[in-house]
Amino acid sequence: TTTEKQDSYDSLDKVLDAKCKDAGVRKVIVEMLDACGEITEALRSALVTVEGSANTFGDAQLSVDVIADEIMWEVAKGSEVVAYGASEEEPEIVKCNPKGEYTICWDPLDGSSIVDNNWAVGTIIGVWGSKSGKGDDGL
């Protein structure tokens, strides 16, 4: 890479304004990044325990999976621009805002099985126009 350390960096708003012309997508990105920040804060104090349940893919759900998923749903359902959402923990399409323009799907805490070892985890989010498929169910 040719990237060098700088004394300061452009703000998120400045980068998004320059790189993402769709105001709705910019709003989704900011909302989802805010949710990731909330997940980070929650993980700092959460005790990692097995919930005793599994998601539909057979993965054991940990307490941190449930916490992260609840945060993502709260943000998605409160969004002005998210019409539909789905999660690895709950992979059914859920209506969020009938006036929204986007469908989002997420894995709220990818790598959660190693979080108690203090290894890196992340949130994976996909965003697309809610009318890009059939439109009646956000796909």
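Summary of packing: across the peptides 85-94, 71-80, 16-25, 102-111, the per-residue average of other C-beta atoms within 10 Å ranks them, highest first, as 102-111, 71-80, 85-94, 16-25.
For region 25-33, the Karplus equation 6.51 cos²θ - 1.76 cosθ + 1.60, evaluated at θ = phi - 60°, returns couplings of 5, 4, 5, 4, 4, 5, 4, 5, 5 Hz by residue, with Gly and Pro reported as x.
Excluding TRP73 itself, what net charge comes from residues whose Cβ is under 10 Å from its Cβ, given Lys and Arg +1 and Asp and Glu -1? Charge balance in the 10 Å sphere: -4.
For the pairs LYS99/LYS131; LYS95/LYS131; LYS14/LYS99, note any where the Cα-Cα span goes beyond 19 Å. Too far apart for the 19 Å limit: LYS14/LYS99. Using the Karplus relation 6.51 cos²θ - 1.76 cosθ + 1.60 with θ = phi - 60°, the per-residue 3J(HN,Hα) values for region 78-91 come to x, 7, 7, 10, 8, 7, 9, x, 8, 9, 4, 6, 9, x Hz, with x marking Gly and Pro. Annotation: amide H-H contacts under 5 Å for GLU101 (H modelled 1.01 Å from N, sequence separation of 5 or more, or interchain): VAL82, ALA83.
Every number here is computed from the coordinates shown, using simple stated rules; none is lab data. Since the model is a prediction, treat every value here as computed from it, not as a measurement. Note: ideal-geometry Cβ built from the backbone for every residue, glycine included; neighbour counts use all protein chains shown.
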